[in-house]
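Nothing in this text is a laboratory measurement; each read-out follows from the coordinates by a stated rule. Please read all numbers here as calculations on a predicted model, not as lab measurements. Cβ placement follows ideal geometry from the backbone for every residue including glycine, while neighbour counts extend to all protein chains displayed.
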Amino acid sequence: MERLFKFVYKYRAFFTFLLLELFCAWLVVENNQYQSTRYFNSSNQIAANIISTSQSIKEYFSLRDINTQLANENASLRKKLDDRNQVIEEIGLSQLKNVAIVNRFEYISAKVINNSTSQYKNFITINKGIDSGLQPGMAVISVQGAIGKVKSVSSHHSVLISLLNIDDQVSSKIKRTGHFGTVQWDGTDPRVIDLRYIPRHVSPLVGDTIVTSGYNAVFPEGILIGIIKEVKLSEESPFHQIKVELSQDFGKLAFVEVVKSNLKAEQDSVEVITKGIQK
């Protein structure tokens, strides 16, 4: 420590000069609009490059998991194609005038370029935007399960509100019993989410599968959310306290699919006409 002090004292003139230079640069940026704009544009670009590089490094060390996810996704897509072909065979070629029913959802693949899991309100940035047909409100899923919804979009990027966000709620149901509830994160464990509003007369069990309900025309019905890991019921509460272990580890999220609902506008329109309530 003494040698460090001697070093600083020996070059005190240089360090004083350096501090004054930094102070002068700060004054120039703070008091001149052009320099301020150039500085913030440059700093934003540098920050974006750092985030992109960091994400690339993270993806490199996660290649095994990513390859596994891609293999599972290919299997899932093949199953979706088989199911769609089966539906077409069942309804018959003469019924294909209702092709919108068959093609109710479209899926747009995107890469995660920024993601947070340690805040109360977490967001995810992906590399697709308006130019790819994305709009606010669209659901986002992965091969592992539900991820969140599109919050805002630009030409080439979108910001998603993650399931790990205390403001986000998704209509869901217990697959075994069919009872509906809502999943919402409590801001603590990024691997666990709460399932709310399951009435006390229902008997949820540890190990039950929780999936999306499909009620809001945003998420397709049956998208996996997680598995019940804990169930509690106090004497005075009308609802169970249920903890659900998320199927997707958000700390390893690399690729997602944005879900475009081709019938959402029609459903919203008829509900507004019937109820007189804007959704």
Measure up K128/K252; K111/K229; K128/K229; K111/K173; K128/K149; K151/K229 against 25 Å on the Cα-Cα distance and list the ones that go over. K111/K229; K128/K229; K111/K173; K151/K229
Semi-axes in Å, largest first, for the range 154-264 (Cα gyration tensor, √(5λ)) are 26, 16, 12
G129 neighbourhood, Cβ < 14 Å, K/R = +1, D/E = -1, net charge +3
